[in-house]
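The values are calculated or read from the model by the stated rules, or taken from the named source; none is laboratory data. Note that the structure is predicted; figures quoted are calculated from it, not measured. With ideal geometry, Cβ positions are generated from the backbone for all residues, glycine too; neighbour counts draw on all protein chains shown. Side chains are part of the model used for accessible areas, which takes the heavy atoms of the whole protein and leaves out ligands, DNA and RNA. Shrake-Rupley method; radii C 1.70, N 1.55, O 1.52, S 1.80 Å.
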Amino acid sequence: MFACLLIPDFPVQAALLLEPMDTRGAVRRSPIAVLDGPANLLRVVAVNDAGRNAGVKVGMTKLQVETCDGVFLRKRVAANEESAQGALLDCAARFSPRIESTCPGTVILDLAGTDKLLGSPEKTSCKIAVCARQAGFHLRVAIAANPDTALYAARGFSGITVIPAGYEADRLAPLRIGILSTTPELLEVLEGWGIHTFGSLAALPAIALVERLGQEGLRLQKLASGQVCRPLLTVESLPNFVESHEFDDPVETLESLAFILNRLLHQVGVRLASHSLATKELRLTLDLEVRQIQNGKDREQYRHEWKLPVPTQDSRMLFTLVRLELERNTFSAPIKKLTIDAVPIKPRMAQGNLFAPPTPEAERLEITLARIRGVVGSTDPEGIICVGAPRPSAVVPSIALRIFRPAIETSVELNGETPHFVRLWKKYRRVLAASGPWCSSGNWWNATVWSREEWDVALKTFEGIGCYRIYLDRIKKQWFVEGVFD
């Protein structure tokens, strides 16, 4: 079985994704028209059901639409529709790994082998509709035995449609032939013959149809009968987690910018979570309205990049980071376009510790560092990073332990309980000074049994006096040289 997910009035629903969650429902029920074209000749390219009931039609000019009361006007933005298509693909990916991006606002997925996981086709379609509603879409869902039957059922029937195998021709029969993917000239010919529905097209004699319309007519008849079975052109590549918004009127205030920014980051977080991914690198691009040349450099765009300490899906934390950075900057021109790009990465899996004290969350620490940068800046007068990194010390450490990996087996002669001679590089070296022992154990629940005894010793070698760390493994009953101090 195949499922088709279709967003009716796709440009309208894509534009609604940027509406606030608390007012989106009220706006959706109002008449909405999406405009596209040159600024002096904007025309309606999409309208919702409420708009059609108000008298708005596709092709009307902006001036004609403004004569209708209460119609919300939105300008068509290609980036918003690409983002909406990506969100639709993300929704479909929750139910099947084999997905076809058929056309803007429409995807088809293969449900083979998912019945035990998702249940019957009716239950599956309901789950898909609920998932899409959470993403902000009102879908038509159709399930059938082949992709094209599901596609045309979704185009022709509202709500949820399930067509059992063998009943394709009967269920598709009442659909209008205008939804078929073919040329307007061919549809005009069929209309002239009195063929208005799928059923009447399927009832035509096949040989006579081929003689008059060729193979294209036979293909349309098979589509109308639900007899075409083709493979899906699946989407294999990982989607880009890029969200953008172009303002109708350039914005100058942080409040206007933050409203859209919050929505875009929320969409990025939802898409990352749907793919079980996170991001560790976030890029912000602001397109300014006016091009200015300063010192020979193009200042039309502002860019900033965040490299996070740990992967995250938290859109609120990302919004706080971006907002704090924008508060530190002033722009010489209004902002025309906003773009967010999140680099996907697998999320971090961390095991908590029952016995260690809790440490600050990495996300909160990053926000704290961003607030500090807003006060003191990111670098000092010499250009050295002064926030988020330890300050280099002017004093060079006087001693460090260089670990031998693996530790060197040795033998030790004792004077009482203190090392007296240590065999090192095939010779016994006299111990000039010894400090220890320091006992430790790998069994924290039993502190009375020590498995390791450490000593720091000074040995006389052919290069002079050297300081070494040796230890006794009481379980193996073997001495080792662990490292040298230098």
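All but one of (1) part of a helix (DSSP H, G or I); (2) hydrophobic (A, V, I, L, M, F, W, C); (3) over 29 Å from the mean Cα position of the chain (by Cα); (4) within 24 Å of ARG24 (Cα to Cα) hold for VAL45, so report the exception by its number.
(1)
Quick check: anything in segment 63-78 under 16 Å from ALA46 (Cβ atoms), touching a Phe, Trp or Tyr at 6+ places or on another chain (Cβ under 9 Å) and surrounded by 18 or more Cβ atoms within 10 Å (Cβ to Cβ)?
Checked against the condition, which is being under 16 Å from ALA46 (Cβ atoms), touching a Phe, Trp or Tyr at 6+ places or on another chain (Cβ under 9 Å) and surrounded by 18 or more Cβ atoms within 10 Å (Cβ to Cβ), segment 63-78 yields no hits at all.
Would you point out the residue of segment 324-382, among those that are of a type in the set (Val, Ile, Thr) and open to solvent by 50 Å² or more (accessible area, probe 1.4 Å), that is modelled with the highest pLDDT?
Taking the candidates together, the pick is ILE345.
Restricting to segment 116-148, name every residue that is within 14 Å of THR106 (Cβ to Cβ) and of a type in the set (Asp, Glu).
Result: ASP148, single match.
Can you pull out every residue in segment 9-26 that is surrounded by 19 or more Cβ atoms within 10 Å (Cβ to Cβ), aliphatic (A, V, I, L, M) and not in a loop (DSSP other than H, G, I, E, B)?
VAL12, ALA14, ALA15, LEU16
Of the residues SER244, SER276, only one is surrounded by fewer than 19 Cβ atoms within 10 Å (Cβ to Cβ) and not hydrophobic (A, V, I, L, M, F, W, C); which?
SER276
So which helices (runs of 4 or more DSSP H) stay within segment 102-189 end to end and still have 1 or more residues that are open to solvent by less than 40 Å² (accessible area, probe 1.4 Å), under 18 Å from ASP9 (Cβ atoms) and touching a residue at least 12 places away in the same chain (Cβ under 8 Å)?
121-135, 147-156
Does LEU218 qualify as being assigned to a helix (DSSP H, G or I), modelled with pLDDT of 90 or more and within 18 Å of PRO174 (Cα to Cα)?
No: the conditions fail for LEU218.
Among the basic types (Lys, Arg) and surrounded by 13 or more Cβ atoms within 10 Å (Cβ to Cβ), is that true of ARG29?
The answer is no for ARG29.
What strands (runs of 3 or more DSSP E), lying completely within segment 419-480, carry at least 3 residues that are of a type in the set (A, V, I, L, M, F, W, C), within 18 Å of GLU409 (Cα to Cα) and at pLDDT 90 or above?
Passing ranges, in order: 452-461, 464-473.
Filtering segment 274-291 down to residues that are assigned to a loop (DSSP other than H, G, I, E, B) and more than 19 Å from PHE247 (Cβ to Cβ), which residue is modelled with the highest pLDDT?
Step by step, filter segment 274-291, then rank; the result is LEU277.
List, please: which pairs have Cβ atoms under 8 Å, are six or more places apart or on different chains, and start with a residue in segment 369-387 that is closer than 12 Å to LEU321 by Cα and end with one that is open to solvent by 70 Å² or more (accessible area, probe 1.4 Å) and modelled with pLDDT of 80 or more?
As it stands, the answer is ARG373/ARG328; GLY374/GLU327; GLY374/ARG328, since those pairs meet every condition given.
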